[in-house]
Amino acid sequence: MSDASEPQSVRGDPAPPIAQRVLQKVKAYRENFLRAEPFRHVAIDGFFEPEFAEELLAGFPVFNPELAKNEIYGGVWGKAVNTRIREIGPVYRRLYEAIESRAFLGVIEEITGIPDLIFDPQLYGGGTHENLHGQDLDPHVDFNYDQAQRLHRRLNLIVYLNKGWRAEWGGALELHSNPRKPAENRIRAYNPGFNTAVLFETNEHSWHGFPRIELPPEERHRSRKSVSIYLYTRERPAEEVAPMHSTFYVQRPLPEWVEPGHVLSEEDCRYLVHAADRRDKWVEFYQNLELVKSGQVAEQAAYVQDLLNRVRAPLTGYVMQQGGSTGLYADGWTRRRIELKVQPLRPVTALRLRGWRADDAPESAEVTVRINGTEAAWMAVGRGVFELEATCEVPLAETFVMEAECDPEYRPAGDHRELAFVLMEIRAEHE
């Protein structure tokens, strides 16, 4: 923005529906964002223009059980998420168009100092969120990549739409320093009041959630309403990069009354049974997730092995490779041991194996050639090109198994594979 007092970016895009008073204080919000603990964030009251915020609340979708399916516990739970906000109504269509605009993204970039933000057109996991009485959200770190586009998730922007919400009703957004260590955990909480926005970074320690919503009977027509927007970048600082993962949750610690001498009430017992069941279901969820991931790893390993088995050895002479091979890579490198079946077209009297060992390989190695399991040749070889001849006592006219083994193997710089040598040629000689 060329002028923080003007609600329009230098790109000339239409002004986003962010309140003008917010646009005038962008620099102050940026200072708050950068200094905030337990991780970078900023809370902004009156984020949208008042009239626009009122329209968002008036047009907020009715709770839809079809959008409230629980992936952990099964069935319908007390949280509904609608990612298809353009279909809700005109005001949400305007919201979608606003948050995908460069003018809007430019404001968020100025507040956070994170450049080149990217809007997710699918609003995966975002959109309208509605939580009913009894609902909570355990502290968690969000998934870190848009898996479809391989984008880094960088920011969450949550705008709350709850008029007259009281702190004693629960549901406050809590930012945690480390919920895995309750005794040391520091929490910053924000009441989800009307038109209040909380903008925070997402990384491997941006733990957040909210405690159970406890509405009095006369207020249970209410719900905790918000709009969630997740923003991404193509790159992120190297120190923040982590392997792709889903959302990580941490169960809340046991209440303070769990101590020696405390006499359990009926309500206490119900709480503990519920807490144990909840934890068990999370364990089951992660066990099932591990089975799925393990299956995917096994499929990928089988696929890679199938590719390796299809690699053809550099055979010359009147011979053919029969079937696949073991220990050969498509780029010519071998593992410590290779094996293949050779079909003679003419009787084979000898095999000459020619290979190359790299300059950074161990200074010497032992290469052994076996035919049908019997040692046919052995040689100590150095670096560079080497050649080893295996003579057949009786000419081989039928398909035979050839093995070659090199000890030791090594791992060259920049290559994750354990390698031995480059196989240049296996030449068959005939009478």
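Note on 379, 402: ascending count of other Cβ atoms within 10 Å places them as 379, 402, the fewest first. Calculated mean residue ellipticity at 222 nm for the chain: -6500 deg cm²/dmol, from DSSP H runs with n ≥ 4 weighted as -39500 (n - 2.57), summed, divided by the residue count and rounded to 500.
Which order, highest average first, do 216-229, 381-394 follow once you tally other Cβ atoms within 10 Å for each residue and take the mean per peptide?
On the way: 216-229: 16.2, 381-394: 14.4.
Packing order, densest peptide first, comes out as 216-229, 381-394.
Taken as Cα centroids, region 220-249 and region 14-62 sit 18 Å apart, rounded to the nearest whole angstrom.
Of 316, 128, the sequence from fewest to most neighbouring Cβ atoms within 10 angstrom is 316, 128.
Just want the answer: with Cβ charges of +1 for Lys and Arg and -1 for Asp and Glu, which residue in 103, 274, 118 is farthest toward the dipole's positive end in the chain? Final value for the positive-end residue is 103.
On a per residue basis, the convex hull of the C-alpha atoms belonging to region 315-430 measures out at 88 Å³.
Maximal additional length on extending the residue 399-residue 299 stretch stands at 32.9 nm, based on 0.36 nm per residue less the C-alpha distance.
With each label modelled as a point 7 angstrom along the Cα→C-beta vector, the residue 27-residue 413 pair spans 4.8 nm. Cross-link partners for residue 79 among the lysines, with Cα-Cα distance under 25 Å and sequence neighbours closer than 8 places in the same chain left out: 69, 163, 225, 281. Applying both filters, DSSP loop and at most 15 other Cβ atoms within 10 Å, to the GluC sites (Glu not before Pro) of region 172-208 gives 184, 204.
Once you list every other residue whose beta carbon is under 12 Å from the beta carbon of residue 146, what net charge do they have if Lys and Arg are +1 and Asp and Glu are -1? So the environment of residue 146 carries a net charge of +2.
Find the eigenvalues of the gyration tensor of the Cα atoms of region 20-253, then list the square roots of 5 times those eigenvalues as equivalent ellipsoid semi-axes, largest first, in whole angstrom.
On the way: eigenvalues 119, 99, 71 Å².
Three semi-axes, in Å: 24, 22, 19.
Which of 247, 83, 202 has the fewest other C-beta atoms within 10 Å, and how do the rest follow up to the most?
Numbers: 247 10, 83 16, 202 21.
Lowest count first: 247, 83, 202.
Under 15 Å from the 7 Å Cα→Cβ point of residue 138, by amide nitrogen: which residues of region 271-295? Taking a point 7 Å out along Cα→Cβ of residue 138, the residues of region 271-295 whose backbone N falls under 15 Å are 272-290.
Taking region 135-172 and a reference point 7 angstrom along Cα→Cβ of residue 178, the backbone N atoms nearer than 16 Å belong to 140-141.
Here the simple spin-label model places points 7 Å from the Cα toward Cβ, and for residue 346 and residue 220 these points are separated by 9.3 nm.
Roughly speaking, what is the centre-to-centre gap between region 273-316 and region 145-201 when only Cα atoms are used, to the nearest Å? Value for the Cα centre distance between the two parts: 33 Å.
Under a Gaussian network description of the chain, with springs only between Cα atoms under 10 Å, the residue in 87, 284, 398 that fluctuates furthest is 398. By the Cα gyration tensor, the chain has an equivalent ellipsoid whose semi-axes, rounded to whole angstrom, run 63, 28, 20 from largest to smallest.
Laboratory data are not the source of any read-out in this text; all were calculated from the coordinates shown. The shown structure was predicted, so the numbers you read here are calculated from the model rather than taken from an experiment. Neighbour counts run over all protein chains shown; Cβ positions are idealised from the backbone, glycine included.
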